[in-house]
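These notes concern the structure reproduced below.
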Amino acid sequence: MDKIQNYIDGQLTDPLSGHYLENYNPAEGVVYGLIPDSDEKDVQRAVKAATKAFPVWSAMSVAERSDVLLKVADLIDRDSDLLALAESVDNGKPLSLAKSVDIPRASSNMRFFATAILHFSSESHLTDNKAINYTTRTPVGVAGCISPWNLPLYLFTWKIAPALAAGNTVVAKPSEVTPMTAYLFSKICIEAGLPSGVLNIVHGLGPKVGQAIVEHPDIPLISFTGGTATGKSIAATAAPMFKKLSLELGGKNPNIIFGDCDLKNTVDESIRASFSNQGQICLCGSRIFVQRSIYDQFLKLFLERVKALKVGDPLEAGSDIGAVVSQAHMDKVLAYIELAKKEGGEILCGGAQVKLPGRCENGYFIAPAVITGLDYNCRVNQEEIFGPVVSVMPFDSEEEVIGYANSTAYGLSATIFTENLKRAHRVSHQLKSGIVWVNCWLLRDLRTPFGGMKQSGVGREGGEEALRFFTEAKNICISLK
Ligand code: NAD
């Protein structure tokens, strides 16, 4: 059985309590490993190590820091097959997805911020020839980074890369549901020569390890990605301690399809936006609004494609839909299907557990579901389900669909399909979401601001936004008289 260890002060170590949690393989529904059930004592050790490492790491030249992080990126690429397999086994996602998206993105995250920091500059302002102001941006200290299970190494590196590049040291907690690639990453950091204590990874439960990180007085900034309810509780702890906070939370994203769209591209992208990673991406478009003029045509084409998606063993080539991440999550998603029926929805396809033959017979597989007939404001259309479930609704006017799109508590991303340029701009500007894609979905440029409005989060990640978050600005004003 694989036994994961913490990474503290440069060493792989057991949790001080000696206790472990079980790690499940969701495709088989069986325990295949053990995870440290760490507690505040392990967090305390990690914070001590990070605090000790901070003066040296933050004073190191930017080029030296960049070199170490680039080495980490190279080692991720070297081990990409191993990491992709580990991610697929731990999370249930198709191996093909882990190979093409998760792991390449993890090394891109490291490489992007390792080089971005070389070009990071601060401002100076000449003030009416009376004074010169210049701003310095220095690392803050020990950063707490907490990440979720849906894109494990991808989102883990998305936080720690800018934190480390900017000169902070880090205490990180990956999700206890998918800890494996963060563990393999700690071995890569050791091999790359990352100095001891610069990155510390403490595995365990959110309310124990996560909470201990959030409330630790020597951690002045917290970067969190996860559910909105968890984000709220983290903010309640961190705000009175005046910590810097970045919160990337849930979504209930609209996918708006106008009658003048390119239908083939719209169907292709809508399939990806609906069901990639079993619909377990915060950016998935789970509410599909289709203009009435093409509603029947779209639905027919879309349904044909959904029914052709292969739910299968994540390790087999050709599987489009793997397992959802856990029994508890499968139960939650299936409960929403039942709720959809109660709310008057018609399940046009999918929505039930799939029993696969062979090694996956006890895995957590759900056939992708398409629901129609629901009101835009029912619970199924307002709450985040985070699974392979979409609701399709007709609309008539632009004004009406903007109202529907903006009706939830969330505001992470939105997708629009139209060939009318003016409409694309007009609607984009009126949507209350941090990210809008037009005629595409999840086309990412790591330089752009990433994050949500309303209950989808606070702050932005990506590019300069991340480097600004992980540094403290100081303005120095010098009189010219
Ligand atoms: P979660 O909130 O349950 O857990 C996220 C992380 O927080 C885990 O590491 C968990 O152990 C930890 N945690 C739990 N309770 C904690 C506490 N009290 N204090 C500190 N840490 C705690 O979320 P999840 O189920 O792992 O992930 C799914 C959610 O993440 C979805 O809502 C999804 O939309 C969201 N998400 C958002 C983004 C984004 O960029 N906006 C990206 C991916 C996922």
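In this simple spin-label model, placing a label point 7 Å from the Cα along the Cα-to-Cβ direction at both residue 478 and residue 229 gives a separation of 5.5 nm.
Each Lys or Arg adds one and each Asp or Glu subtracts one; over the other residues with Cβ under 11 Å from the Cβ of residue 447, this totals -2. Compactness of the stretch 254-445 was expressed as the Cα radius of gyration divided by 2.2 N^0.38 Å, which yields 1.00.
With the Kirkwood sum run over all distinct C-alpha pairs, the stretch 111-174 has a hydrodynamic radius of 13.8 Å. Once the chain from residue 422 to residue 82 is taken as fully extended at 0.36 nm per residue, the excess over their C-alpha distance is 117.7 nm. Put simply, the amide H of residue 21, placed in the peptide plane, has neighbours under 5 Å in 35, 37, leaving out anything fewer than 5 places away on its chain. With contributions of -39500 (n - 2.57) from each DSSP H run of at least four residues, the per-residue ellipticity at 222 nm computed over the chain stands at -11500 deg cm²/dmol. Between residue 436 and 414, the built amide H atoms are under 5 Å apart, and every one of these is 5 or more places off in sequence or on another chain.
Annotation: amide H of residue 131 within the under-5 Å range of 480, sequence separation 5 or more or interchain, hydrogens built in the peptide plane. The label-point distance for residue 241 and residue 375, in a model that sets each label 7 Å from Cα toward Cβ, rounds to 4.3 nm. Stretching residue 123 away from residue 260 to a fully extended chain increases their span by 44.8 nm, per 0.36 nm per residue minus the current alpha-carbon distance.
Which shape class applies to the chain: rounded if a/c is under 1.5, otherwise prolate when a/b exceeds b/c and oblate if not, where a ≥ b ≥ c are the square roots of the Cα gyration tensor eigenvalues? Could the numbers behind the result be given before it?
Working: a/c = 2.00, a/b = 1.29, b/c = 1.55.
Oblate shape, in that a/c is at least 1.5 and b/c is the bigger or equal ratio.
Based on Cα contacts under 8 Å between residues 6+ apart, the stretch 254-445 shows a relative contact order of 28 percent. Seen against the Cα atoms of the chain and their longest principal axis, helix 327-342 is set at about 40 degrees. Computed extension gain for residue 382 through residue 11, at 0.36 nm per residue and net of the alpha carbon distance, reaches 129.0 nm.
Solvent-accessible surface of protein heavy atoms, probed at 1.4 angstrom with all chains present, puts 396, 37, 9 in the order 396, 9, 37, largest first. Taking Lys and Arg as +1 and Asp and Glu as -1, the other residues whose beta-carbon sits under 9 Å from that of residue 144 total +2.
Using θ = phi - 60° in the Karplus curve 6.51 cos²θ - 1.76 cosθ + 1.60, the 3J(HN,Hα) couplings for the stretch 32-43 round to 10, x, 10, 10, x, 9, 6, 9, 5, 5, 5, 4 Hz; x is entered for Gly and Pro. Since only 166, 204, 4 are under comparison, the one whose Cα sits farthest along the positive direction of the charge dipole of the chain, derived from C-beta charges on Lys, Arg, Asp and Glu, is 166. The share of Cα pairs per 10 Å bin across the stretch 283-339, counted from zero up to the longest distance, runs 18, 35, 37, 10, 0 percent. For the stretch 64-73, the Karplus equation 6.51 cos²θ - 1.76 cosθ + 1.60, evaluated at θ = phi - 60°, returns couplings of 5, 4, 4, 4, 5, 5, 5, 5, 4, 4 Hz by residue, with Gly and Pro reported as x.
Rounded to the nearest 0.05, the FRET efficiency derived from the C-beta distance between residue 136 and residue 346 at R0 = 60 Å is 0.50. Qualifying chymotrypsin sites (Phe, Trp or Tyr not before Pro) in the stretch 164-247, where qualification requires a DSSP coil assignment and no more than 14 other C-beta atoms within 10 Å, comprise 242.
Suppose every K and R has +1 on its Cβ and every D and E has -1 on its Cβ; what is the size of the dipole of the stretch 254-445 about the Cα centre, in Debye to the nearest 20?
Values: 19 positive and 23 negative charges, 32 e Å.
So the dipole magnitude of the stretch 254-445 works out to roughly 160 debye.
The values are calculated or read from the model by the stated rules, or taken from the named source; none is laboratory data. Everything quoted here is computed from the prediction, not taken from an experiment. Neighbour counts run over all protein chains shown; Cβ positions are idealised from the backbone, glycine included. Calculation scope for accessible area: heavy atoms of the full protein, side chains included, ligands and nucleic acids excluded. Shrake-Rupley method; radii C 1.70, N 1.55, O 1.52, S 1.80 Å.
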